[in-house]
Amino acid sequence: MALRPSLHKQFALLVAASVLAFCCSAAGRSVGLAPASPSSFNNDFDITWGDGRGKILNNGQLLSLSLDKTSGSGFQSKNQYLFGNIDMQLKLVPGNSAGTVTAYYLSSQGPTHDEIDFEFLGNVSGQPYTLHTNVFSQGKGNREQQFRLWFDPTKDFHTYSILWNPSHIVFYVDGTPIRDFRNNEARGVPFPKAQPMRIYSSLWNADDWATQGGRIKTDWTQAPFTASYRGFKADACAVGSTGSSSKCAALQTTAGNTNWWIRQELDATGQERMRWVQRNHMIYNYCTDVNRFPQGLPTECSVA
């Protein structure tokens, strides 16, 4: 877990199909507990740190975080969530972003916390960002997969989504699945399904490790660094600050449940798209790192 305060024609066709399939799979979505509707950052999030470097703009439709030599900034959701599909559009720090990390993740609290991470590791101008993903369950992480994005994430907004239900955690980029972490509790692998999680994001300096292993440091003459957010949507079961999570946990056993995300999984086409991304754009996979795990790869790595 990162330290925080607290591919072309073939590709175009694949992406088009991915977006279509993703959109169609959501047809008829019905979320009784947290309707997906136009949202406002004012209503859904709090700026939690940064001394004014985090701002909610455009009548709540845009949020920006900035980082300078003194401090970064961050925000968190007012609600906690237990299962759902979370979408956020991000436009990352442009230019020389070496040393910076933009983290966007779900997390519970405490030493046995659960966490689902997107982290965007900056780079020198003209070099690609690294998209770092991780899943923590009951306080244990070390499940990193990293990717090079097939577009420049600083030129425009792109949608980063997390589908989380009792059987799967699927990471999507612009509707294309890039990773599927499955529930393998039957084999002794803990899976996040009991602890509600808030949405967090932060922009901070990590030049001791983030870019080329820390060899490239942050160029503070380029500061302030700014990342922008819009288009938040939660098809999800929300737990208020004082609410119970029992209604969310009960969704997985409720007959006739109309919440599309509770039993959603990748079909054969989605699995093939994900494998394509992993063949062409994955740069690190903990499940192939035998040097890191000399006593044997983690249990879930042996599951097809």
Can you name every residue in region 50-86 that is surrounded by fewer than 18 Cβ atoms within 10 Å (Cβ to Cβ), out of contact with any Leu (no Cβ under 8 Å at 6 or more places or on another chain) and part of a strand (DSSP E or B)? L62, K78
Could you count how many residues in region 173-198 are under 26 Å from I283 (Cβ atoms) and within 17 Å of the chain's Cα centre (by Cα)? 12
Counting only residues that are assigned to a strand (DSSP E or B) and buried (at least 18 other Cβ atoms within 10 Å of the Cβ), how many does region 133-157 have? 7
Would it be correct to say that S97 is in a loop (DSSP other than H, G, I, E, B) and buried (at least 23 other Cβ atoms within 10 Å of the Cβ)? yes
Going residue by residue through region 98-116, is there one that turns out to be out of contact with any Asp or Glu (no Cβ under 7 Å at 6 or more places or on another chain) and small (G, A, S)? yes
How many of the residues in region 167-215 are part of a loop (DSSP other than H, G, I, E, B) and under 21 Å from S125 (Cβ atoms)? 7
Residue check for A223: more than 23 Å from Y105 (Cα to Cα), surrounded by 14 or more Cβ atoms within 10 Å (Cβ to Cβ) and small (G, A, S): yes
Criterion first (surrounded by 15 or more Cβ atoms within 10 Å (Cβ to Cβ), assigned to a loop (DSSP other than H, G, I, E, B) and modelled with pLDDT of 95 or more) does T218 satisfy it? yes
Here the residues within region 59-78 that are under 29 Å from F181 (Cα atoms) and either modelled with pLDDT under 95 or of a type in the set (D, E, K, R) (or both) are K78
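The values are calculated or read from the model by the stated rules, or taken from the named source; none is laboratory data. In this text, all values refer to a predicted model and were calculated from it rather than measured experimentally. Because the Cβ atoms are built from the backbone with ideal geometry, glycine has one as well, and the counts that use them run over all protein chains shown.
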